[in-house]
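Visitor: The structure that follows is given in the form of structure tokens.
The values are calculated or read from the model by the stated rules, or taken from the named source; none is laboratory data. Quick caveat, the model's predicted, so the values are computed rather than measured. Positions of Cβ are generated from backbone atoms using ideal geometry, with glycine treated the same way; all protein chains shown enter the neighbour counts.
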Amino acid sequence: MKRKVTKAIFPVAGLGTRFLPATKSIPKEIMTLVDRPLIQYAIDEARAAGIKEFIFVTSRGKGALEDYFDHAHELESTLRRAGKDHLLEALRDTNMESGAIAYIRQHKALGLGHAVWCARRLIGQEPFAVILPDDVIAAEKPCLQQMVEAHCETGGNIVAAMEVAADKTSAYGILDIREDMGALVSVKGMVEKPDVKEAPSNLAVIGRYILTPKVLQHLSRVKSGVGGEVQLTDAIAEEITRSNNVYGFRFRGQRFDCGSKAGFLQATVAFGLAREELHDEFIQFLISMTATRKAAE
Ligand code: G1P
């Protein structure tokens with residue numbers, strides 16, 4: 001019988017140097033798109049996919065992230081006394097069931113693969129999800145839910161995938177395709193951040209994974225790879241050579257790279273426009289900005 005995916009790892013130990021100075025004192029996962037921090041989007045997506053246990057791999061300076069999921073008793077009672085029910089409602093999604101969330105420290109910045117490996121004892125012998133909160137995906141059906149459904153059919157390991165421009169392969173894990181079946185792609189290899197000339201395809205891995213515990217075993221053995229870091233990609237590549245049980249999954253949705261400034265701004269515009277209460281005023285503003293820019297050129 002296939003095991004359900006109920007645990008997800010959120011690697012949130014990164015320094016977020018691309019957003020300095022902001023990230024000098026706030027974790028990048030607390031930066032907000034409209035009025036919700038990046039981490040809230042990731043948690044919402046995990047919940048929609050049936051995840052019940054949320055494992056955060058953190059590091060020094062990430063206290064704000066932990067506080068965010070605590071009950072804010074004072075704030076809540078003040079709002080309650082003032083009858084501000086709609087604001088209490090806004091806090092609802094930040095509430096976690098007791099014991100549903102765990103924090104593990106990655107005590108050295110040794111890479112994504114190492115961060116995931118740090119959570120191995122909390123995973124045990126079940127398939128698990130990994131969500132990189134930098135990758136925000138707008139989708140009618142949340143991306144991880146699409147993947148969990150695909151996983152019910154395939155079992156094994158599934159990585160979210162998306163075609164990228166041929167000259168951008170060096171920013172991603174890239175899939176070597178065995179058989180292209182449309183949404184699902186059977187994979188015969190996976191390379192982390194290859195040069196354009198060496199890339200086996202332009203099908204890139206995006207930050208959503210459903211993995212088997214075997215990948216954690218490989219992580220304890222793989223040597224550091226690209227950038228001197230332990231790469232999750234290398235452990236998945238090892239699993240491909242052993243089990244042949246890894247699929248790419250072309251999700252339906254739009255991905256924003258919120259680890260970059262341009263991507264973050266694009267996401268802000270997209271999520272701002274998607275909010276009914278902001279849409280009209282915001283689109284008027286964008287139109288007038290564009291017109292002013294064009295006139296100035
Ligand atoms: C990580 C992974 C890479 C993947 C990317 C998706 O890289 O190592 O394989 O394609 O996330 O966002 P990072 O962007 O953290 O360097």
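Visitor: So if I check each of Ala8, Ala102, which one is surrounded by fewer than 17 Cβ atoms within 10 Å (Cβ to Cβ), at pLDDT 90 or above and not in a helix (DSSP H, G or I)?
Guide: Values: Ala8 fails: surrounded by fewer than 17 Cβ atoms within 10 Å (Cβ to Cβ).
Result of the check over Ala8, Ala102: Ala102.
Visitor: Could you please find all residues in region 230-269 being within 23 Å of Val136 (Cβ to Cβ), of a type outside the set (A, V, I, L, M, F, W, C) and within 13 Å of the ligand (Cβ to nearest atom)?
Guide: Gln231, Thr233, Gly248, Arg255, Asp257, Gly259, Ser260, Gly263
Visitor: Taking into account only those residues within region 1-23 that are aliphatic (A, V, I, L, M) and within 16 Å of the ligand (Cβ to nearest atom), which is farthest from Glu229 (Cα to Cα)? Let's see the steps before the verdict.
Guide: So the first thing to find is which residues in region 1-23 are aliphatic (A, V, I, L, M), and the list is 1, 5, 8-9, 12-13, 15, 20, 22.
The next check asks that each one be within 16 Å of the ligand (Cβ to nearest atom); those that pass are 8-9, 12-13, 15.
Values: Ala8: 22, Ile9: 18, Val12: 16, Ala13: 14, Leu15: 15 Å.
Across region 1-23, the extreme among qualifying residues is Ala8.
Visitor: Checking the condition under 16 Å from the mean Cα position of the chain (by Cα) and over 23 Å from Gly272 (Cα atoms), which residue from Leu15, Leu33 passes? Spell out how you get there, then give the answer.
Guide: Details: Leu33 fails: over 23 Å from Gly272 (Cα atoms).
Step by step, each of Leu15, Leu33 is checked, and only Leu15 is under 16 Å from the mean Cα position of the chain (by Cα) and over 23 Å from Gly272 (Cα atoms).
Visitor: Continuing with this model, one more query. Loosely packed, with under 14 Cβ neighbours inside 10 Å and either out of contact with any strand residue (DSSP E or B) (no Cβ under 9 Å at 6 or more places or on another chain) or not β-branched (Val, Ile, Thr) (or both): which single residue out of Ala109, Ala119, Ala138, Ala129 fits that description? Explain how you work it out, then say what you get.
Guide: Values: Ala119 fails: loosely packed, with under 14 Cβ neighbours inside 10 Å; Ala138 fails: loosely packed, with under 14 Cβ neighbours inside 10 Å; Ala129 fails: loosely packed, with under 14 Cβ neighbours inside 10 Å.
The conditions single out Ala109.
Visitor: Next up: Is there a residue in region 57-80 that is of a type in the set (Ser, Thr, Tyr), assigned to a helix (DSSP H, G or I) and in contact (Cβ under 8 Å) with a residue 40 or more places away in the chain? Write out each step before concluding.
Guide: Taking region 57-80 as the starting set, the residues that turn out to be of a type in the set (Ser, Thr, Tyr) are 58-59, 68, 77-78.
Of the ones still in play, those that are also assigned to a helix (DSSP H, G or I) are 68, 77-78.
Cutting the leftovers down to in contact (Cβ under 8 Å) with a residue 40 or more places away in the chain gives us none.
No; the residues of region 57-80 include none that is of a type in the set (Ser, Thr, Tyr), assigned to a helix (DSSP H, G or I) and in contact (Cβ under 8 Å) with a residue 40 or more places away in the chain.
Visitor: For Asn202, state whether it is modelled with pLDDT of 95 or more, within 26 Å of Asp176 (Cβ to Cβ) and surrounded by fewer than 19 Cβ atoms within 10 Å (Cβ to Cβ). Spell out how you get there, then give the answer.
Guide: On the way: modelled with pLDDT of 95 or more: yes; within 26 Å of Asp176 (Cβ to Cβ): yes; surrounded by fewer than 19 Cβ atoms within 10 Å (Cβ to Cβ): yes.
Yes.
Visitor: Oh, and also: Report those strands (runs of 3 or more DSSP E) wholly inside region 170-229 carrying at least 2 residues which are touching a Cys at 6+ places or on another chain (Cβ under 7 Å) and within 15 Å of the ligand (Cβ to nearest atom). Write out each step before concluding.
Guide: Numbers: elements: 173-180, 184-192, 203-211.
No strands (runs of 3 or more DSSP E) qualify here.
Visitor: When you check Leu144 against the structure, is it in a helix (DSSP H, G or I) and either in contact with an Asp or Glu (Cβ under 9 Å, 6 or more places away or on another chain) or within 13 Å of the ligand (Cβ to nearest atom) (or both), yes or no?
Guide: Numbers: in a helix (DSSP H, G or I): yes; either in contact with an Asp or Glu (Cβ under 9 Å, 6 or more places away or on another chain) or within 13 Å of the ligand (Cβ to nearest atom) (or both): yes.
Yes.
Visitor: Could you run through region 163-186 and say how many residues are out of contact with any Lys or Arg (no Cβ under 6 Å at 6 or more places or on another chain) and in contact (Cβ under 8 Å) with a residue 40 or more places away in the chain? Spell out how you get there, then give the answer.
Guide: Taking region 163-186 first, the residues out of contact with any Lys or Arg (no Cβ under 6 Å at 6 or more places or on another chain) are 163-169, 171-175, 177, 179-182, 184-185.
Going one step further and asking which of them are in contact (Cβ under 8 Å) with a residue 40 or more places away in the chain, we end up with 163-164, 173, 175, 177, 182, 184-185.
Number satisfying all stated conditions: 8.
Visitor: Before we move on, is Ala237 surrounded by fewer than 17 Cβ atoms within 10 Å (Cβ to Cβ), among the hydrophobic types (A, V, I, L, M, F, W, C) and at pLDDT 95 or above? Give the steps one after another, and end with the answer.
Guide: Working: surrounded by fewer than 17 Cβ atoms within 10 Å (Cβ to Cβ): no; among the hydrophobic types (A, V, I, L, M, F, W, C): yes; at pLDDT 95 or above: yes.
Taking the combined requirement at face value, the residue does not satisfy it.
Visitor: In the set Ala109, Ala90, Ala100, Ala160, which member is within 13 Å of the ligand (Cβ to nearest atom) and over 17 Å from the mean Cα position of the chain (by Cα)?
Guide: Working: Ala90 fails: within 13 Å of the ligand (Cβ to nearest atom); Ala100 fails: within 13 Å of the ligand (Cβ to nearest atom); Ala160 fails: over 17 Å from the mean Cα position of the chain (by Cα).
Of the residues listed, the single one that is within 13 Å of the ligand (Cβ to nearest atom) and over 17 Å from the mean Cα position of the chain (by Cα) is Ala109.
Visitor: Something else: Residues Met190, Met289: which one is free of Cβ contacts under 8 Å to residues at least 24 places away in the same chain and not hydroxyl-bearing (Ser, Thr, Tyr)? Spell out the reasoning first.
Guide: Numbers: Met190 fails: free of Cβ contacts under 8 Å to residues at least 24 places away in the same chain.
After applying the criteria, what remains is Met289.
Visitor: Which condition number in (1) in contact with a Ser or Thr (Cβ under 6 Å, 6 or more places away or on another chain); (2) exposed (fewer than 14 other Cβ atoms within 10 Å of the Cβ) is the one that Glu149 fails?
Guide: The number of the failed condition is (1).
Visitor: In addition: In region 205-228, which residue that is of a type in the set (D, E, K, R) and more than 15 Å from Ile137 (Cβ to Cβ) is surrounded by the fewest Cβ atoms within 10 Å (Cβ to Cβ)? So that I can check it myself, show each step before the final result.
Guide: Our first condition is that a residue be of a type in the set (D, E, K, R); within region 205-228, this holds for 208, 214, 221, 223.
After this cut, where a residue has to be more than 15 Å from Ile137 (Cβ to Cβ) as well, the list is 214, 221, 223.
On the way: Lys214: 19, Arg221: 9, Lys223: 7.
Once the filter is applied, the top-ranked residue is Lys223.
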